[in-house]
Amino acid sequence: MLSYLAQQSINALQLGSIYALIALGYSMVYGVLTMINFAHGDLFMLGAFACMILATLLPVHLPFVIILLLVMVLVGLLGTAIERFAYRPLRGGPRVSAIITALGCGLLIESLTLVKFPYAQSMPPLFNNTIHPFLGLTISTLQILIIGVAITLMIALDFLIRKTAYGIAMRAISFDARIVPLMGVPVNRVISMTFFIGAGLGGAAGMLYGMAYPVIAPLMGVLVGWKAFVAAVIGGIGSIRGAVLGGFILGAVEVMTVVFLPSTYRDLISYSLLLLILIFKPFGILGSPPNQKV
Amino acid sequence: MHRHTIAHRHCSVFTPSPKASRVVKKIICLSALASALLSIVTLTGCGKTSPSIKIGLNTELTGEMPAVGASSKNAADLFVSQINAAGGVKVGDQTLPLQLSLGDNGAKADQAAAVTQRLISQEGVVAMIGPNASACAIPASVIAESLKCPMISPWSTNPKTTIDAATGKPKTEVFRACFTDVFEAQVLAKFVLNNLHAKTAAILYDVSSEAPNGQANLFKKTFEENGGKIVGFETYTTGDRDFSAQLTKIKAANPQVLFLPAYYNDVPLITQQARRLGITAQFVGSDAWSTPELIKLGGADVEGAYFCNHYSNQIATPEATKFMADYQAKYGQAPDDVAALTYDAFGLLTEALKTAGKLDRQSIRDALSKISQFNGVTGTMKFQPPSGDPIKSAVMLQIKDGKFVWVANAQP
């Protein structure tokens, strides 16, 4: 029984890591722009497709780390481009316009990918995945890799946010966006960097997801994107640590409900629990109510 | 200063002078008149096309299972081009060509219903072939029944497609070219018990999709009725990718067989995760496995699995051999069962058209229900009124060396 629970915990960690990486993108963008980037789920999907294309179409066999960095950079650049051309012109305008634009961008990305890849694609394995029986559990190299990469990226991001000038600027913007430009902070550049990093993390999540579940399809980002958004809200939208916490909570809840209840109830119980959390903490676990300016 | 700039911006360049606005109004009026005239001309012109037999094809061209839609469409195109090359179908004293009216249901129930409505009411087809997925075929069948238009589903095996949910009696307008899940469950259960000599089985299925849901429940019932034991009965929802929690639960129950009635895009993920977790059970699948994409996506993990199917391209009846050769020549790949069943659905419809003698939906429907012997690509089938389900046999296939290999036949 103990080893069964331990096995399920590893499953929960893996799922949670991926949700956390995507949720980070949502929270970062909300923090600086107070808007939900609904195209984020589709950037996640593009990460998986970018990895597949790099792995199959390039004549050289690149190591995993190089492909990961390439995918993060490519998706990050796309995220920055979307911000520059779709969101920035609407920055002073009504919130609704920005949300609709975000949805539109997402649909555009999905449709373009569908045109090129109407069928589900198979993700080629990037390395030899070995299974390690360990104290009665079966852990694969891939699982260790996913959890490891996700945690590394999250620690790196935390360092970035707390210790670098850019991180301070980002937190300042999420605190009060109107005063910050008066302090000499290049707001546009910081926002672009935020999108670059957020999208990059989403792309990395997509690549890891595609490696864990190697059948990728253009619409795969929709469901996962929404779930990660829910995770970000549970943790506290706008809070980096909240996004990570929310991601892992969602992963744990989804896996553990199957452990103790018939799997048909999984989504019902998972989202009821999350709803309960929101009832007691409406701004998310680590979120805080928006500052009242007097 | 701020207000000044806004007002200035509002005084846009587009405020025309009085004379210019008259000219603009004239141009707008003229172009509206011209387009109205043009549409009248084209609409009346539409009525003058040569007569043909319009058949609707409601299929899954996009969405979760585009390979199914592609197969269906290919087979339909092949059939129509062959018939039209021979001159057409003899209905009464005229020989008319077939005309295909295509609709994409995106593998979604609401879209399937909308396409059915459009094909029957707006396009005025005499009959509709499709949808293939049961989740789409069931809502489509309700609409076809109420609009009194005959419908033949090539691939939907769920019993609900031809049974009226309210009365429990068979629908009058809906037929299918394949056997139902009830028969399939018996074939599978008996195969697992008698051929594989397995007494314990677990099932993992998509609870939100009609066909897998029905097949899982029917298999469980039939398996247990015949002396087997279901040790795991787990579910997931369409679109899920991670089955580790459910599979870990199944692994703890240690079944001999793992029954997976899933479509070709889910099977590779489930089998791979199962093997990674150390599940050694024999995989058994339903007819939804039959798309060749499954081997491409599944690779080594689906090797050795058995599944039930509508036909095998190793069974060499003259009709099957000719169809396979024609399909291969036209599309460069071997046809799967969706293609074969669509071809047979069209064949059944053409038989009914010839017997009916007129392009009237009611007579076509009556002729369909009375077909007593039809030698199709997928075998011999016949309808027994009032049921719209054909009586025909099934085959068991195995995935061996990356190919579908015939193992056994199963008679009704």
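The values are calculated or read from the model by the stated rules, or taken from the named source; none is laboratory data. Note that the structure is a prediction, hence the values are computed from the model and not measured. Reconstructed Cβ throughout: ideal geometry from the backbone, glycine too, with neighbour counts over all protein chains shown.
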Against the definition (farther than 19 Å from B:V174 by Cα, touching a residue at least 12 places away in the same chain (Cβ under 8 Å), in contact with a Ser or Thr (Cβ under 6 Å, 6 or more places away or on another chain) and away from chain A (no Cβ under 14 Å)), how does B:V125 come out, yes or no? no
Residues satisfying the stated conditions in the stretch B:249-276, i.e. closer than 16 Å to A:S263 by Cα and either of a type in the set (V, I, T) or in contact with a Gly (Cβ under 7 Å, 6 or more places away or on another chain) (or both): B:K249, B:I250, B:K251, B:A253, B:L260, B:I270
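Could you tell me which of the residues B:T280, B:T248, B:T237 is of a type in the set (V, I, T), within 14 Å of chain A (Cβ to nearest Cβ), out of contact with any strand residue (DSSP E or B) (no Cβ under 8 Å at 6 or more places or on another chain) and surrounded by fewer than 19 Cβ atoms within 10 Å (Cβ to Cβ)? Even if it seems obvious, please write down each step before you answer.
Numbers: B:T248 fails: surrounded by fewer than 19 Cβ atoms within 10 Å (Cβ to Cβ); B:T237 fails: out of contact with any strand residue (DSSP E or B) (no Cβ under 8 Å at 6 or more places or on another chain).
Sole residue among the options that is of a type in the set (V, I, T), within 14 Å of chain A (Cβ to nearest Cβ), out of contact with any strand residue (DSSP E or B) (no Cβ under 8 Å at 6 or more places or on another chain) and surrounded by fewer than 19 Cβ atoms within 10 Å (Cβ to Cβ): B:T280.
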Would you be able to tell me the number of residues in the stretch A:12-70 that are part of a loop (DSSP other than H, G, I, E, B) and under 22 Å from A:A243 (Cβ atoms)? 6
Among the residues in the stretch B:196-204, are any more than 30 Å from A:Q143 (Cα to Cα), crowded, with 21+ Cβ neighbours inside 10 Å and more than 10 Å from chain A (Cβ to nearest Cβ)? no
Enumeration of residues in the stretch B:251-266 that are at the interface with chain A (Cβ under 9 Å from one of its Cβ atoms) and either within 31 Å of the chain's Cα centre (by Cα) or modelled with pLDDT under 90 (or both): B:Y264, B:N265, B:D266
Limited to the stretch A:113-142, what total is found for residues that are part of a loop (DSSP other than H, G, I, E, B), facing chain B (nearest Cβ under 9 Å), among the aliphatic types (A, V, I, L, M) and over 22 Å from the mean Cα position of the chain (by Cα)? 0
Determine whether the stretch B:317-330 contains at least one residue that is within 30 Å of B:E123 (Cα to Cα) and β-branched (V, I, T). no
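Restricting to the stretch B:75-106, what's the tally of residues that are within 14 Å of chain A (Cβ to nearest Cβ) and outside any strand (DSSP E or B)?
First, pick out the residues of the stretch B:75-106 that are within 14 Å of chain A (Cβ to nearest Cβ): B:104, B:106.
Keeping just the survivors that are outside any strand (DSSP E or B) gives B:106.
Of the residues in the stretch B:75-106, 1 are within 14 Å of chain A (Cβ to nearest Cβ) and outside any strand (DSSP E or B).
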Tell me, yes or no, whether the stretch A:143-153 has at least one residue that is under 28 Å from B:K249 (Cβ atoms), without any contact (Cβ under 8 Å) to a residue 60 or more places away in the chain, within 14 Å of chain B (Cβ to nearest Cβ) and surrounded by fewer than 23 Cβ atoms within 10 Å (Cβ to Cβ). yes
Starting from residues that are within 20 Å of the chain's Cα centre (by Cα) and polar (S, T, N, Q), keep the ones in the stretch B:304-355 and report whichever is farthest from B:N84 (Cα to Cα). B:N309
